[in-house]
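J.: Just passing along the structure, written as structure tokens.
The values are calculated or read from the model by the stated rules, or taken from the named source; none is laboratory data. As the structure is a computational prediction, the values presented were derived from the model and not from experiment. Using ideal geometry, Cβ is built from the backbone for each residue, glycine included, and neighbour counts are taken over all protein chains shown. SASA here: full protein model, heavy atoms, side chains in, ligands and nucleic acids out. Shrake-Rupley method; radii C 1.70, N 1.55, O 1.52, S 1.80 Å.
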Amino acid sequence: QVQLVESGGGLVQAGGSLRLSCAASGRTFSTYTVGWFRQAPGKEREFVARLTWTSTNTYYADSVKGRFAISRDNAKNTVYLQMNNLKPEDTAVYYCAATRWGAPRNDRDYGYWGQGTQVTVSS
């Protein structure tokens, strides 16, 4: 069983940066693939980035590629999402999710979810 808690969201001006954290409980978390997703008001939840447990396999949505970076510190059971050059269209609730199986980009393939953290980017 894995429990996830996101933090680090907030209000930032366009062009600014934030770093989201996803802290996990569970001894085997280091073997899970972790993904970040986001959901803006009135829109479906969308994939942002994911990272396998070895940290060698990352994948980003085209909309964030080159601006966001996902990383993990297995010793701290924490996954990070560094977000740079933020844009108003990045405004959303950001969720981290975990799965033991594969390296999916579909939210239906993730079985563990955090409660979300709000990111608001002002223009």
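J.: Between a residue in region 70-82 that is in contact (Cβ under 8 Å) with a residue 12 or more places away in the chain and any residue that is in a helix (DSSP H, G or I) and crowded, with 20+ Cβ neighbours inside 10 Å, which pairs come within a Cβ distance under 8 Å, given they are 6 or more apart or on different chains?
T.: Every condition considered, the pairs that remain are ASN74/PHE29; ASN77/PHE29.
J.: Taking the stated definitions as given, is VAL12 surrounded by 17 or more Cβ atoms within 10 Å (Cβ to Cβ) and over 14 Å from the mean Cα position of the chain (by Cα)? Walk me through it before giving the result.
T.: Values: surrounded by 17 or more Cβ atoms within 10 Å (Cβ to Cβ): yes; over 14 Å from the mean Cα position of the chain (by Cα): yes.
Spelling it out, VAL12 is indeed surrounded by 17 or more Cβ atoms within 10 Å (Cβ to Cβ) and over 14 Å from the mean Cα position of the chain (by Cα).
J.: Of everything in region 72-89, what is touching a strand residue (DSSP E or B) at 6+ places or on another chain (Cβ under 9 Å), closer than 23 Å to TRP113 by Cα and either surrounded by 14 or more Cβ atoms within 10 Å (Cβ to Cβ) or polar (S, T, N, Q) (or both)? Give them in sequence order.
T.: Within region 72-89, ARG72, ASN77, THR78, VAL79, TYR80, LEU81, GLN82, MET83 meet the criteria.
J.: State the number of residues belonging to region 90-117 that are open to solvent by 20 Å² or more (accessible area, probe 1.4 Å), of a type in the set (D, E, K, R) and either without any contact (Cβ under 8 Å) to a residue 60 or more places away in the chain or assigned to a loop (DSSP other than H, G, I, E, B) (or both).
T.: 4
J.: More than 17 Å from VAL2 (Cα to Cα), open to solvent by 40 Å² or more (accessible area, probe 1.4 Å), touching a Leu at 6+ places or on another chain (Cβ under 9 Å) and modelled with pLDDT of 95 or more: does that describe ARG19? Write out each step before concluding.
T.: Values: more than 17 Å from VAL2 (Cα to Cα): yes; open to solvent by 40 Å² or more (accessible area, probe 1.4 Å): yes; touching a Leu at 6+ places or on another chain (Cβ under 9 Å): yes; modelled with pLDDT of 95 or more: yes.
Yes.
J.: Taking only pairs six or more apart or across chains, which ones have beta-carbon atoms under 9 Å, a first residue in region 3-21 that is within 11 Å of TYR94 (Cβ to Cβ), and a second residue that is among the small types (Gly, Ala, Ser) and open to solvent by less than 30 Å² (accessible area, probe 1.4 Å)?
T.: Within 9 Å, the pairs are GLU6/SER21; GLU6/GLY114; GLU6/GLY116; SER7/SER21; GLY8/SER21; GLY9/GLY116; LEU18/GLY10.
J.: How about region 41-71: which of its residues are open to solvent by less than 50 Å² (accessible area, probe 1.4 Å) and in contact with a helix residue (DSSP H, G or I) (Cβ under 8 Å, 6 or more places away or on another chain)?
T.: PHE47, VAL64 - these are the residues of region 41-71 that are open to solvent by less than 50 Å² (accessible area, probe 1.4 Å) and in contact with a helix residue (DSSP H, G or I) (Cβ under 8 Å, 6 or more places away or on another chain).
J.: Looking only at residues that are more than 15 Å from ARG38 (Cβ to Cβ) and assigned to a loop (DSSP other than H, G, I, E, B) in region 48-69, which one is modelled with the lowest pLDDT?
T.: Selected residue: SER55.
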